[in-house]
Each structure stands twice: as structure tokens, then as C-alpha cells.
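No lab work stands behind these numbers, since they all come straight from the coordinates. The shown structure was predicted, so the numbers you read here are calculated from the model rather than taken from an experiment. So basically every Cβ, Gly included, is an ideal-geometry build from the backbone, and we count neighbours across all protein chains shown.
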Amino acid sequence: MIRTPLRPLARILQARNSGENPDAIERENIRVRHEQMRDTGRSRAEGRLFVIAVLFLGAFVTEGVRMGVISHSEAVEPRASAAGTRIVAQRADIVDRNGKILATNLETHSLYAQPHHMVDKERSAQELVRIFPDLDQERLTKDFTGKRKFLWIKKKISPEQKQAVHDIGDPGLMFGPREMRLYPNGQLAAHILGGAGFGREDVRAAEVIGVAGVEKQFDEVLRDPANGGKALTLSIDLTVQAATERVLYGGMKLMNAKGATAILMDVYTGEVIAMASLPDFDPNDRPRPAVEGNASDSPLFNRAVQGLYELGSTFKIFAAAQAMDLGIANATTMINTQGPLRWGKFKIRDFHNYGPKLTLAKVIVKSSNIGTARMAQAIGAERQKNFLRDLGFFDPTGIELIEASGAKPLLPPKWSELSAMTISYGHGLSASPLHLAAGYAAVANGGKRIVPTLLKRDLPQDGARVMSEASAREARTMLRRVVTEGTASFGEVPGYAVGGKTGTADKPKERGGGYYDDKVIATFASIFPAHDPKYVLIVTLDEPVETSGPKPRRTAGWTAVPVAAEMIERIAPLLGMRPQVEPGQLAGITLTSN
Amino acid sequence: MRSLVFVVTALAVIGLAVWAYRENYRTQHVINETESLQGQIGAARSRLAVLRAEWAYQNRPSRLRDLAEINYDSLQLLPLRPDQFGKVDQVAFPPTKKVDFDGIVDAAGTEDYP
């Protein structure tokens, strides 16, 4: 490059001759040169920026286009990679503890119509109604002949129905593949499973989402492709569940009850082996929730988990166990049962008059309200409250059902001494039967807190200690005596040493204002075998009445207990328990001297 | 020397091209095969799922109960009761088979040992 000299001789000489300052020429030239340098520098930088901009633009356009393609393309299974060999259903199966299927998927088809492709609209509507009698022909004809370009006709159809629709031969009737949720056992364990429905729908596929029960609780897990279609194993035993529901249904009909529930739970692991609530429904065709009337009358209502009832005398064992645990009393302590017990304006009475004094064991066996209330007075409201909180009566049970989180026991707003006295015999605190099962499990397993679970587990729960081993053992002896010599004499099942406590609570009126005289909730909370408990069984009947005698009988001893006994007789062999001879008390050796 | 290098290079290019061509077709063939196998696996799995569902449906407790009731005459099936448990020593040993000594041939000394 030829550089222009800063001081060109010709111009300098000329300037000198004309008396001008030659330095001005140099400065001028330096300025020009700097301008040139600046211009070239700028154009080079601009060029570089342009190249970078083009590169970035290219990158972003590529990325955008790719994203668009990915979001608009159909998902394709990877063709050649080894990881892509798993072809799994959209939703994992649910199985019982022995691997029997409780819920699975079935491929079916949905039926939709594109009226603008249809040939003979009236005839198609007519034929469709012949295949699906629940469709409305006028409505269909209107939809087909109207402006609509697309409409769903049926969400799930069987292969036979599909063939029949094919035979209509109309090109505007189309099928889309659908995965549907199938509950092969029908109504069995309906409340546990809940049900499933379709979420977002498309012609080619539809989301299957859980709407209730474990299906909703574990919706994310069941749909997670990372699980690789691994089935969800519940703690339920299908056979035992079937037997439980069968016996419970029979008992409910026999005792003229309007509803019933039963819970069978392992006392060490907290696994719910069977849980039934009647009336029930078919999860394959889940009814719509009732919009009017009492929600608890709907078959969708899970009495075992959602039903909050005053559970009556079944609570007495907690007062007795706590009294023994605190050292206030033991099984042979005499308790004043002189009635009626007055507290302010309030009177506590017993079903019968049990005389002036009973031992604590007899208070439980005979189910004396007065005796238990006196125990509660001795324990005090604060300690009773803490004990019941430890047993889990203050919070939802924590079972893996979506409905359970709403079932928080109803506690008295102010825990006065009177509340403590009434709660000790099961009035003034409403809890679900499952809460009661958890409480009894703690008594049965030697005093450790149990959280009920629906998932199969292998190890016992090592919960916090609620009461000492010794007082739990004493309480179990009392429960056994309730069956051998007390209110639950119908509960005796030879070989299984049933122990338990009955509870008959008057139903509160829905609109407030006291209790019904002729409507009760009868509960039998039992453990078996009482000397080495493995299971706790709660049976609750809603408004039972037993009419074989001259007077209608409603107490739990006449209603819930026989049902529970029949249930234990049926399910204990299924659980693999062979009848055992109860280890009896050794005949006392009397010391004599002569 | 130079032409030799050209010829060798050209031959190498042709050889590599042939190899790449064949590899390409072999890969495509394998991919197709994999795809059809995947398809078969998928079909087998869905068939299996249907069969499992069918099995569970046919074995649902209510149906088995009804079947046991219908076929009571021939099967005499009743629900399991506690008194049906037994002990091992309640089970009689199967009668020992009587050894039949009839028609014994005295084999001693009939064989020829070398």
C-alpha cells in the first residue's frame, strides 16, 4: 500500500514560499489518515458483527425450527436403540399383595363422526341408535345435519360394537384408539381403587387420569414413564377383600342397616388387608357425585375413611389403657360406678345399673359409662388429649387415599373436663373407623403408634411408643374378657381368641339438636388372637336393627358383633391362621400350710 | 510413481464407496428388522395384557363363587373353615406297596462273565 507522505515536499515548499505554516499541512494529513484508519476499522468490525449475527441467526432459526418440528410431530418410538425396546402402557397396573390384578388397561376404540364426510346422515343416526340404545336419535340427526365438523359419539366401544359400526359403512364415522382403565373384579375394593377417566382427548390418543382413591393419589407415579410400567402393589388381599365384602353385605342386609364398613389391618405393619364400605359402586362405570342430598348417602362415600362418627364405647379401652399406663389404676382397682354421675347440669348414666363399685376390668367388660368417666376425671383433660393425639385421633389418618386428607376428626372446640368424660366413652369426638383401627392396632401390638397404609410393606412400623407393653397387655386381656364374659359374647370364634369392644352410639341429628332415639352407629372393634394379636378388625353398621326378638335390638352386641365373628371365621383361615388353643391361665397354686 | 499413487487412491475411494454402500443397506435392513421385531413385541405385549385382563376377569371372586355354587354337585366346594386345618400327623402314610415276588427268575449264575 502506498502511503501518502504526511509532509509532501511539493506542497511544503509551496507553502513555505507563500508564507503559510507547513505544519498545518501535516496536521491536516494526519487527520485524514486517522479518518481513513477509523473508517477501515469500523467497516471491519461491522463485517465481523455481521458474520456473528448471521451465525447466531442461523443457530436460532435452526433451533426454533427444530423445536417447532418436535412439538408438532407425532411421537415416534425410537427405532434402533436398545433402550427403546420397552413398550409400556400409558398407565401402570395396580395389583394386590399377591400380584393379582386390581386395575389394568385395555385397548379399545373411541367413535367419532365428521359429518361433512358422511353420506347418509339420517340412516347413520338411526343405525347408531340401534347399536347404542342410550344415544338420542333426534340429537344425533341434528348434530350430523348441522354445521358441526366433528363430534364424539362414544368414548369407549367394544370390538363387537366397532364391527357393527363398521357394518354401517359410512365414511364419516371414524375410530380412534383408546386405552381404557379396566377393573376386572368389578365392585370389589371400589372405594380403594376409586376410578379413572379421560383427561385431554385427541383423535389418536387420550390421557387416562385417576379421579379418586389410589388412582388419584398415585396418579403421577402410575403415569410416570420412568417407572417402566412397574405395577403398584397394594397391601390388599383380593381373596380376603372378597370374603369381607361378602360377609359384610350379608350382615348389612340381615341387620337391616343402610350402610356398613369393615377394616382389617395388620397390627404390626399397619397394612390394610381389606377395607370395605357399603353401599359401593362399579369403578368401571363410576357414578357421578350426588349434587343434592347427603353426601354420606352416596355410594361414592367411603365410610371407612371419610365417615366421621362418634364411635361410642369402643373408646373406653383407651381410657382404661391410659389409666393403667399412668399407674392410676390396674385391672383390679375398684371404680365407683354409683349413678347417675352429675357434672353441672349434665348427667351420665349407664345402660343398666351395675351396682356401686366395679373393678376396672369389669368397667370395660360391662361397658360402664360412669366408671370410664370417673377414670377420665382422674386422668385429666390435658393428659387424655395428649394420649389421643399420640394415637392419631387429631389428624387425618395418613392412608394413601385422596379422600383421607379431608377426614380430620371432629374435636370439641374446648376440651373441658366434661368433654374429657364424654370422650372417654366415645361421645363428643368423631373419628373415622380407620382412626379407630389405628388406635386398636397400637393396643394390640404392644403400645406402638401405627399409621395405616395401603402399600405392601415387609417390615413392621417402628412407631413412637404410646403406652407401655404391660398396660397394652392388660388392655388386651380386658378386651378378651369383653368377648368371653361381657357385651360381645357373640364374638367368640373357637380357635381364634377374639378380643374386642362394642360401641353403640346414637346418631346425631343432621340439623343439630340432639340425637335420634332409634338410629345408632354400632361398632365392634376387635383384635385376634387376643393373646398374640396379628390383626385388628373394625366392623361398623349404620342404623342396624335386629328384629328377631320381641323388641327391636340395636346394640352392637346384637348387630355388629355377630357380623364380625362370621367375618373372622371366614377370613382367618384365608389369612393362613390355623385355630389355636388359647394359652389359658394356669390354675392358681394355692399356698397352704398346716 | 505418481500415477501409481493416483490409481491406488482411486481404487481405495471406489473400495470405500462400495463398502459404505453395502454398510448403508445392511444398516437399513437391520433397522427394518428391528422395527418389525419391535412391532411384534408390542403386539405380543398388548395381546398379553388383554390375556391377563381376561384371566383376571374370568377369575374374579364373584364369578368363581357363582361357579362353585353352580357346580356344587360335582365339585362340592365350600368356603374354607377353621376346622378344616389339619396336622401332618393326622395324615395317614400311603400304604406301602406290596412287593410282588411272583414270577421271579433266578438270575444267579445265568450270566456269563468273561
### Summary
From the Cα centre of segment A:3-29 to that of segment B:12-91, the distance in Å is 102
### Task
Please report how far the C-alpha centroid of segment A:268-327 lies from that of segment A:361-402, rounded to the nearest whole angstrom.
17
#### Entry: Cα pair distances of segment A:434-559 binned at 10 Å [whole percent]
13, 36, 31, 17, 3, 0
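Stretched out fully, how many nm does the piece from residue A:51 to residue A:130 gain, at 0.36 nm a residue minus the Cα gap? Numbers along the way, then the final one.
Working: separation 79, 0.36 × 79 = 28.44 nm, distance 6.97 nm.
Contour length minus Cα-Cα distance gives 21.5 nm.
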#### Entry: Convex hull of segment A:383-447 built on C-alpha atoms - directionally averaged projected area, nm²
4.6
### Task
Let me see the pair-distance distribution of segment A:277-415: every alpha carbon pair, 5 Å bin width, integer percents in order.
2, 8, 15, 16, 15, 12, 10, 9, 7, 4, 2, 0
#### Entry: Shape call, segment A:239-574: gyration tensor on alpha carbons, a/c limit 1.5
rounded
### Query
What's the Kirkwood radius of segment A:355-412 in Å, using all Cα pairs?
13.7
### Task
For chain A, find the longest principal axis of its Cα atoms and tell me its angle to the long axis of helix A:22-72, 0 to 90°, nearest 10.
40
#### Entry: Radius 12 Å from Cβ of residue A:520, net charge of other residues (Lys, Arg +1; Asp, Glu -1)
-2
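Residue A:444: net charge of surrounding residues, Cβ under 11 Å, Lys/Arg +1, Asp/Glu -1, itself excluded? Intermediate results must be reported in sequence, preceding the final value.
Details: positive: A:448, A:473, A:476, A:534; negative: A:266, A:532.
So the environment of residue A:444 carries a net charge of +2.
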### Query
For segment B:2-77, what D do you get in µm² per second when you plug the Kirkwood radius from alpha-carbon pairs into Stokes-Einstein at 20 °C and 1.002 mPa s?
117
### Message
Using the Cα atoms of segment A:6-151, I'd like the radius of gyration and the largest Cα-Cα distance, Dmax, both in angstrom.
### Response
40.8, 119
### Task
Hey, can you grab everything whose amide H is under 5 Å from the amide H of residue A:199? Only 5+ residues off in sequence or another chain; H modelled, so Pro and N-termini drop out.
A:207, A:208, A:209
#### Entry: Over segment A:181-291: Kirkwood hydrodynamic radius from C-alpha pairwise inverse distances, Å
15.6
### Taking the convex hull of Cα positions in segment A:92-233, its mean projected area over all directions (nm²)
9.5
### Message
Could you tell me the extents of segment A:142-202's C-alpha atoms along the three principal axes, largest first, rounded to whole Å?
### Response
44, 24, 20
### Task
Among A:529, A:255, A:412, flag the residue with its Cα farthest along the positive direction of the charge dipole of segment A:239-574, charges on Cβ as +1 for Lys/Arg and -1 for Asp/Glu.
A:412
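How large is the dipole of the protein assembly as shown about the Cα centre if only Lys and Arg carry +1 and Asp and Glu carry -1, each at its Cβ, rounded to the nearest 20 debye?
The calculated dipole for the protein assembly as shown is roughly 2640 debye.
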### Message
Order these by the 10 Å Cβ neighbour count, fewest first: A:180, A:478.
### Response
A:180, A:478
### Task
Report, in cubic angstrom per residue, the convex hull volume of the C-alpha atoms of the protein assembly as shown.
596
## Note on the structure
1/(1 + (r/R0)^6) with r = Cβ-Cβ of residue B:72 and residue A:63, R0 = 60 Å, i.e. FRET efficiency to nearest 0.05, evaluates to 0.25
### Task
Please work out the Cα convex hull volume for segment A:1-78 and give it in Å³ per residue.
99
### Query
Taking 0.36 nm per intervening residue step and subtracting the Cα-Cα distance, what contour gain separates residue A:149 from residue A:226 on full extension?
23.9 nm
#### Entry: 20 Å reach of a label modelled at residue A:290, 7 Å along Cα-to-Cβ, counting backbone N of segment A:199-234
A:212-213
### Task
Please give the helix A:369-379 orientation as an angle from the longest Cα principal axis of chain A, in degrees from 0 to 90, rounded to the nearest 10.
60
### Query
If you keep only loop residues by DSSP, which trypsin sites (Lys or Arg not before Pro) in segment A:303-402 have at most 14 other Cβ atoms within 10 Å of their Cβ?
A:345, A:349
### Summary
Amide H contacts under 5 Å for residue A:448, restricted to residues at least 5 apart in sequence or on another chain and with H modeled in the peptide plane, are A:466
## Note on the structure
Taking Cα atoms, the helix B:2-58 axis meets the longest principal axis of chain B at an angle in degrees (rounded to 10) of 20
#### Entry: Whole-number percent relative contact order across segment A:92-233, with pairs defined as alpha carbons under 8 Å at least 6 apart
32
#### Entry: Estimated [θ] at 222 nm from DSSP helical runs (n ≥ 4, -39500 (n - 2.57)) normalised by residues in chain A, nearest 500
-11500 deg cm²/dmol
### Task
Just subtract the alpha-carbon distance of residue A:73 and residue A:31 from 0.36 nm times their residue separation and send over the number in nm, one decimal.
9.0 nm
### Task
Enumerate the calculated ³J(HN,Hα) couplings along segment A:119-129 in order (Karplus 6.51 cos²θ - 1.76 cosθ + 1.60, θ = phi - 60°), each rounded to whole Hz, writing x wherever the residue is Gly or Pro.
9, 10, 5, 4, 5, 4, 4, 5, 5, 4, 5
### Message
Modelling each spin label as a point 7 Å along the Cα-to-Cβ direction, I'd like the residue B:88/residue A:509 distance in nm, to one decimal.
### Response
6.6
